[in-house]
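Below is one structure, written out as structure tokens; the observations come after it.
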Amino acid sequence: MTGWTAADLPDQHGRTVVVTGATSGLGVEAARALAGAGATVIMACRDLDKGRAVAAGIDGATELRRLDLADLSSVRAFATGLDRDVDVLINNAGVMAVPHDTTADGFERHLGVNHLAPFALTGLLVNRVRDRVVTVSSGLHVLGRVHDDLDWERRRYQRWLAYAQSKLANLLFAYELQRRLAAAGRRTVSVAAHPGVSATEGQRRDTSLQGKILAGGPAQRPEMGVLPILYAAAAPDVRGGVCIGPDGFLQRRGHPKVVGTIGRSRDAVRAAWLWERSEELTGVHYVIEPTGVVP
């Protein structure tokens, strides 16, 4: 995969891909590249007017669906309204280092938007995804710890650590989903990806010294940052249960390759705990059907 770029995307004609957060940053780039390669891209976005403007600039087949990850009723409505099976679900949308706030369901915003909503969405669609689920994490997962106090109710809120916790949760979820898909005999695989340091809307908003230090230098363009996500979503040699990230120094920038993640991300006991807790919080209980029995 040395030097892999969007030009190396396999032909995507006949495939349907859901991309969350498809109106800015990495989501736009993923939608543009996949549609350009022939896929039908379902752009899941909170603001349909913004979505229409973005879709108008994309060559290829796109469809818009409303999805607000800060509201589980919207997640359920999106899943109910999706009228077909899909080949790939890309859980891309998220928030980064925002001040303390809660979602419509009362969850701390990083936890709710970055982890619980994708967990719920995937659970509602899991038997309708034919090929793979891609969950977008971050290199800053290395700072994260998944606490019993997931919602920051008994500790002082720290926005970067809240973000890091949610990105570690993404990895725990992605790896645990792969274990469960394999145990059920599914051909569908779960893959994680992270973009390194990329010039996304979230990073541009954060001008603090702490944010600049954590970024670790100039950000690469979104067209580069999206490559690990595209590789995870479409490259034929991708295995389940891996993370795709940049091949450069400290995984901060570069071309996609399989990368290592911190040991805590591979803690199967903690992953099972988080899975059970996430089912309780979202009310979405996974029932994974074997391949071949999907209605």
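For Leu67, the conditions (1) modelled with pLDDT under 95; (2) touching a Cys at 6+ places or on another chain (Cβ under 7 Å) are fulfilled apart from (1). Among the strands (runs of 3 or more DSSP E) confined to the range 1-81, the ones with at least 3 residues that are under 18 Å from Ala235 (Cβ atoms) and of a type outside the set (Asp, Glu) are located at 16-20.
Annotation note: of Leu69, Leu9, the sole residue that is among the aliphatic types (A, V, I, L, M) and within 19 Å of Ser198 (Cβ to Cβ) is Leu9. Screening Ala30 against (1) modelled with pLDDT of 95 or more; (2) surrounded by fewer than 24 Cβ atoms within 10 Å (Cβ to Cβ) leaves a single unmet condition, (2). Just so you know, in the range 37-47 the residues that are in contact with a Ser or Thr (Cβ under 9 Å, 6 or more places away or on another chain) and surrounded by fewer than 22 Cβ atoms within 10 Å (Cβ to Cβ) include one that is nearest to Pro10 (Cα to Cα), and it is Thr40.
Take the conditions within 16 Å of the chain's Cα centre (by Cα), crowded, with 18+ Cβ neighbours inside 10 Å and on the phi > 0 side of the Ramachandran plot and apply them to Gly25. Does it pass? When the stated conditions are applied, Gly25 passes them. Checking Ala174, Ala183, Ala234, Ala271 one by one, the residue that is under 20 Å from Val133 (Cβ atoms), exposed (fewer than 15 other Cβ atoms within 10 Å of the Cβ), modelled with pLDDT of 95 or more and among the aliphatic types (A, V, I, L, M) is Ala183 and no other.
Of the residues making up the range 112-128, those that are surrounded by fewer than 22 Cβ atoms within 10 Å (Cβ to Cβ) and hydrophobic (A, V, I, L, M, F, W, C) are Leu124, Leu125. Scanning the range 82-103 for residues that are under 16 Å from Leu34 (Cβ atoms) and part of a strand (DSSP E or B) returns Val86, Asp87, Val88, Leu89, Ile90, Asn91. If you scan the range 104-120, which residues turn out to be over 10 Å from Asp71 (Cα atoms) and among the charged types (D, E, K, R)? Correct list: Glu108, Arg109.
The values are calculated or read from the model by the stated rules, or taken from the named source; none is laboratory data. No experiment lies behind these values; they were computed from the predicted model shown. A quick note on method: Cβ atoms are made from the backbone with ideal geometry, for glycine too, and the neighbour counts reach across all protein chains shown.
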